[in-house]
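The numbers here are math on the coordinates, done by the rules we state, and not lab data. Remember, it's a predicted structure, so these values are computed and weren't measured experimentally. All Cβ positions, even for glycine, are placed from backbone atoms using ideal geometry, and neighbour counts span all protein chains on display.
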Amino acid sequence: MFENAPDEVDNVIVTGKSGAGKQPRIDVLVEEYDLEQLSTGNIFRSYLGSFGEYGYDGDISQFWNEENERFVSDEEIAEGIGTDDEEVLFGLKAKYFVDRGKFVPDRITNELFKSYFGKKDYHGQVLDGYPRTVEQAEFLLDLIEEKKSKIDFVLWVRNTDEKIIERTTKRRICPKCGKVYHLKYDPPKNGKCEECGVEVIQRSDDTEEKIRSRLQEFKDKTRPMIEKLEEDIPVAEVPGHLEEFTPENVRKSVMEALTEL
Ligand SMILES: [Zn+2]
């Protein structure tokens, strides 16, 4: 039915605005091409977890050099915390920014991504949340070339700001079990989780102000990133909003987009 779509792929990138509806499309690609999902969120969680397990309770800001805005060398950090375990070191670097609510600089994100992608032998991945900036895209293109790997295509899930704001600001979540509701499409009865009976809440990330700031970030940084990738890698676009949102329709729209590559 989708005979013009690629038969097999090495790696792919799924991109789009935050809240555009990437996950259902990622699920299609994972299943169709037998890939794994590699999310920056998971990379950070994994390294933060390694650092947490190691249990260093000293002040990590001593490893940050304010003057040149760099960490001191890995050797110095290793000596300071008593291990040279790479995952613990990455975790420390990530934690420094997360604790301060700061954006992680591209070169740190690149370093963490490269290490994690390397564990997967640079193959068989759906990249999710990476690259997000032009600098990250350039790093990735060089890495792919160096490791004789390949990105077959970019799938860009498109959605309007209005739809995304409606979807996300009306989202509610059960603080106990994590079940997601929507005030319009899947409202919780009496405002309570049907499983746990506790009152559903809005995630702090789902306020209109936070969403608008993520949308602006997409326009400023990620759109130019997509244009950069497009010089080397074919980009397929799929609608994030479907009139009839069923698994079959999602799959069909993804596979149709891929036949046009
Ligand atoms: Zn619940």
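Computed values, structure above
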read-out	value
GNM top mover of Leu112, Leu127, Leu89 - the chain, alpha-carbon springs below 10 Å	Leu89
For segment 113-261, size of Cβ-based charge dipole, Lys and Arg +1, Asp and Glu -1, in debye	760
Debye equation applied to the C-alpha atoms of the chain, log10 I(q)/I(0) at 0.11, 0.13 Å⁻¹	-0.72, -0.98
Computed over the chain: relative contact order in percent, which uses C-alpha pairs under 8 Å that are six or more apart	31
For segment 71-156: relative contact order, % (alpha-carbon pairs under 8 angstrom, 6 or more apart)	19
Within the chain, helix-based [θ] at 222 nm, where runs of 4 or more DSSP H residues each add -39,500 (n - 2.57), nearest 500	-13500 deg cm²/dmol
Within the chain: Cβ-based charge dipole about Cα centre, in debye rounded to nearest 20 (Lys, Arg +1; Asp, Glu -1)	1440
Burial order of peptide ranges 93-104, 5-16 (average beta-carbon count within 10 Å, highest first)	5-16, 93-104
Principal axis dimensions, segment 36-121 - Cα atoms, whole angstrom, descending	37, 24, 21
Base-10 log of normalised Debye intensity for segment 1-52 (one unit scatterer per alpha-carbon) at q = 0.13, 0.14, 0.23 Å⁻¹	-0.43, -0.49, -0.98
Lys/Arg +1, Asp/Glu -1 at C-beta; the chain dipole; positive extreme among Ile13, Cys196, Pro24	Cys196
For the chain, share of DSSP beta bridges that run antiparallel, in % to the nearest 5	30
Extension gain, Gln216 back to Glu76 (0.36 nm per residue minus Cα-Cα distance, nm)	46.6 nm
Relative contact order of segment 36-121, pairs being alpha-carbon contacts under 8 Å that are 6 or more residues apart, as %	36
